[in-house]
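Worksheet: one structure, shown below.
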Amino acid sequence: MTTQSPLAPDRFPSMPVVDGVTLASHACGVRYADRTDLLLVEMAAGTTAAGVFTRSLTASAPVEWCRAAVAKGRARVLVVNSGNANAFTGSVGVASVSRTVDKAADMVGCKASEVYIASTGTIGVRLPDEKITAALDDARAKLKPDAWLEAAQAIMTTDTYPKGATRTAKIDGTEVVINGFAKGAGMIAPDMATMLSYVFTDAALPAGVLQDLLSKGVDRSFNCITVDSDTSTSDTLMLFATAKAGNKVIKDAKDKRLADFKAKLFDLLTDLAHQVVRDGEGATKFVTITVTGAAGRKAARTIGMAIANSPLVKTAIAGEDANWGRVVMAVGKAGEKANRDKLSIRMGGLLVADQGEIAAGYDEAPVARHMKGKEISIEVDVGVGKGKATVWTCDLTHAYIDINGSYRT
C-alpha cells in the first residue's frame, strides 16, 4: 500500500450497528498477498435494494448482473472481491458471476436475484472465482455486525485509506441509522463517479423509494466529482434497507416525512464522494469549483467539470501556480454558453478576473498563498443566467503517473 494521502481524514469513523446487517472480510488470494480481498455481507430477509451503475459501454459482468437483479428490489447477500475487475472477460466472466451467485444463494438459502456481486481491480484478466467460492463458507463463519472498517479495507485497490461515513436520521419520529463505505482513487469520473460504494440503513423503505432517493443523491455527489476524467467499467453504488428500525413505511419519496432521511443520506453520499477525491491517486490538494451565472444547472456542472478535468488547471494547482488564465481556457472549451466580457473568477475568495479581464488592483501574492494550502477554491461566474453547480476534484501530480504506470507490476 502506498503512503496515506495527505488529504485523508484523521480516522475511520466509529460506525454503529445497522440491525439486519452482518459483514466479514477474508483473504482468498485473488491477487494480493497478506491482506483481505473478499467482502461478504449478509442482510436480513425482506431487505430492499437500489443501485446506480456505470454508464460505460464496456461495463463488467458483475455490473450487468447487479443491474438486472436490482430490478427485483430485494437483497440478502453482497459479495465483493478486490484485485481483479472481472471486466472485459467475455463469457468466462459471465460464468464466473453465475458460479459465485449460485454458491452464495445456496449458502444463505435465498433467490439468485437477491445476491449482488462486484469485482474491482485489473481489467481483462480472468477472475479465479474458485478461490472466492471456496472461501465463502469460511467468510460467513466470521460475520459480525460491527466489521465496517474491515469491510472498507477489503475492497481497496490503489486506495491509501478506507472510506466510511455514518449518519442518523428520523423518519416519522423513529430514529434510523445510515452507514456507508466506498473505495476509489483512480479511474474516477461520472457516470457515476466512484469505483464501489455501499450504503446500509435499518429504515423500512420500499425499493422504489430507495431508488428515487439514491438516484437524486448520486446526481449531487458522486456525479459531481472527478479525479482523472476516466469512467470505470465497474462503478457501482448500492443502497440497502433492512426495515429493522420499525418506522412506518412511506411509499412516496417526495413525502415530507422523509425530509430528514433524505438530507442525511445526501450528506453521507457527499462525504463519501469527497473522501474518494481526497484519495485521488497522487493528490495533494482538494479542489472545490463553484460555477454560477450559467444557462442552467446542467450547463454549470458541465463548465465546472471542464475546469476540474483540465490537465493544465490541475497541474497548475499541483505546482501552486495561480494561473487563472487556464480557468478561462477551460470555461471556453466547455461548450456551454458563457459571456467572455462578463466572466469573473475568484481563487480562495479573492477576485482575480472581472468583467472579462484581470481584476483592477489585482495582487497575486495572497492568491499564491492560498494555492499553497491543501484546500483550494475556485469560483467562476459566466454571466449568462442563474444556473449554478459545485464540483470537486484534486490536483494532478507526478505520483499519478507513478501509481498507474506500475499498477499491474
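The values are calculated or read from the model by the stated rules, or taken from the named source; none is laboratory data. These figures come from a predicted structure and were not determined experimentally. We place every Cβ from the backbone using ideal geometry, glycine too, and count neighbours over all the protein chains shown. Note: accessible area is taken over every heavy atom of the protein model, side chains too, but ligands, DNA and RNA are not part of it. Shrake-Rupley method; radii C 1.70, N 1.55, O 1.52, S 1.80 Å.
Got at least one residue in region 374-381 being more than 24 Å from the chain's Cα centre (by Cα), open to solvent by less than 50 Å² (accessible area, probe 1.4 Å) and free of Cβ contacts under 8 Å to residues at least 60 places away in the same chain?
No, there is no match, as no residue in region 374-381 is more than 24 Å from the chain's Cα centre (by Cα), open to solvent by less than 50 Å² (accessible area, probe 1.4 Å) and free of Cβ contacts under 8 Å to residues at least 60 places away in the same chain.
Name the single residue, out of those in region 224-244 being open to solvent by less than 10 Å² (accessible area, probe 1.4 Å) and of a type in the set (S, T, N, Q), that is nearest to LEU23 (Cα to Cα).
The selected residue is THR242.
Under the condition of being free of Cβ contacts under 8 Å to residues at least 60 places away in the same chain and part of a loop (DSSP other than H, G, I, E, B), which residue from region 203-223 is surrounded by the fewest Cβ atoms within 10 Å (Cβ to Cβ)?
ARG220
Quick check, is THR22 assigned to a strand (DSSP E or B), open to solvent by 30 Å² or more (accessible area, probe 1.4 Å) and not aromatic (Phe, Trp, Tyr)?
Criteria met by THR22.
In contact with a strand residue (DSSP E or B) (Cβ under 7 Å, 6 or more places away or on another chain), more than 19 Å from THR242 (Cα to Cα), hydrophobic (A, V, I, L, M, F, W, C) and at pLDDT below 95: which single residue out of PHE12, PHE53 fits that description?
None of the other options fit; the residue is PHE53.
Taking the condition of being more than 18 Å from VAL199 (Cα to Cα), of a type in the set (Val, Ile, Thr) and out of contact with any Lys or Arg (no Cβ under 7 Å at 6 or more places or on another chain), how many residues in region 56-113 meet it?
Selection size over region 56-113: 5.
Given the condition of a type outside the set (Gly, Ala, Ser), open to solvent by less than 70 Å² (accessible area, probe 1.4 Å), part of a strand (DSSP E or B) and at negative phi, answer yes or no: does some residue in region 338-345 qualify?
yes
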